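Take a look at the structure set out below.
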Amino acid sequence: MRGYGRRMASPGDLDTSFSGDGKKTISFGGVDIANVVLVQPNGRIVVAGGGAAADRFCVARLRSNGVLDTAFGSGGKRVIGFGGRGLGESVFGAALQPDGKIVLVGGSGLRAAVARLNPNGSLDTTFSGDGKKTFNWAPGDFSRAQAVLVLANGKLVVAGFSGPEGGDVQVARLKANGALDTAFGTGGKAAVDFGGTDAAPEAQYWAGVSKYKATGSADALKATADAFKQRYGETTWGKKASIWA
């Protein structure tokens, strides 16, 4: 599978000025999925998600005509690894800073993950020393970051969720250098509980995948499918898990 994008021209037709037919596929060499897109002020398009041979953060930049921008990364693409095991790594949210830097958030194994890139696609080493940061919302939790907001003072607000059981909406604030901002919440993090007893179905789904990848036993997938059948049977994630039963 490849990352896939298209641009539409009014009144809904494919825009043939983009990649010749309005469509573009990008291969990182694995099961590649695009999850987020940003349009820069100069019209260039940043596409990010997960994939490559080892399940890593994947990001590409296209020119406005759909051609890979070779001034970014290597041939227009960049793969970023955090060393996550089992669950793999993927981008789920992104934001542009006023200085042109690109902030990517997602997951690495059971941890929330953040990376900041310079405009040319290189890791910004002024952020957390190497351009990358991982953390858990609470010790041992499944932690995922889904969105990021750049504040006017350069701090970053990162939001996501924890799980798999009793999970909450989670928010963290980072200083511009990547350190948790302890003036926010407790130690830089805050949880919002809406009263549910379970985390989002997505968290439980990926926790099952993580156990399977870590152990190689299909029992973890079957147990997840059984739990979903009772709790989330008709949801999108319930239907995804049903094939494991």
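Cβ-Cβ distance of Ala54 and Leu151, R₀ of 41 Å, FRET efficiency by 1/(1 + (r/R0)^6): the value works out to about 0.80. Here the Karplus curve 6.51 cos²θ - 1.76 cosθ + 1.60, taken at θ = phi - 60°, turns the phi angles of the range 36-51 into couplings of 8, 9, 10, 10, 6, x, 8, x, 6, 10, 9, 10, 9, x, x, x Hz, with x standing for Gly and Pro.
Remark: spin-label model distance Val31-Thr182 equals 4.2 nm, labels positioned 7 Å along the Cα→Cβ axis.
Using a cut-off of 26 Å between Cα atoms, the listed pairs Lys101/Lys175; Lys133/Lys189; Lys23/Lys77; Lys77/Lys133; Lys23/Lys155; Lys23/Lys132 include Lys23/Lys155; Lys23/Lys132 as exceeding that distance. Computed with the Debye formula from one identical point scatterer per Cα of the range 20-90, without solvent, the log10 of I(q)/I(0) at q = 0.14, 0.24 Å⁻¹ comes to -0.42, -1.06. Determine the shape class of the range 3-199: with a ≥ b ≥ c the square roots of the Cα gyration tensor eigenvalues, call it rounded for a/c under 1.5, and otherwise prolate if a/b is greater than b/c, oblate otherwise. Verdict is prolate for the range 3-199. Peptides 72-83, 11-22 ranked from most to least packed by the mean count of surrounding Cβ atoms within 10 Å: 72-83, 11-22. Extension gain, Ser74 to Asp193, is 38.6 nm, computed as 0.36 nm per intervening residue step minus the present C-alpha separation. Applying D = kT/(6 pi eta Rh) to the range 42-143, where Rh is the Kirkwood radius over alpha-carbon pairs, T corresponds to 37 °C and eta to 0.692 mPa s, the Stokes-Einstein value obtained is 238 µm²/s. Each residue, Asp15 and Phe135, gets one label point 7 Å from its Cα in the Cβ direction; the gap between the two is 3.7 nm.
Calculate the spin-label point distance for Gln40 paired with Ala223, positioning each point 7 Å from the Cα along the beta-carbon direction, and give it in nanometres. According to this spin-label approximation, the distance is 4.6 nm.
Considering only Asn35, Gly88, Ser17, the residue lying farthest towards the positive end of the dipole of the range 3-199 is Ser17, judged by Cα position with unit charges set on Cβ. Note on the range 1-137: dipole from Cβ charges, positive end direction compared against Val46, Leu68, Val114; the farthest Cα belongs to Val114.
Each reported figure results from applying straightforward, stated rules to the coordinates on display, with no laboratory input. Since this is a predicted model, take the numbers as computed values, not measurements. Cβ: placed from backbone, ideal geometry, glycine included. Neighbour counts: every protein chain shown.
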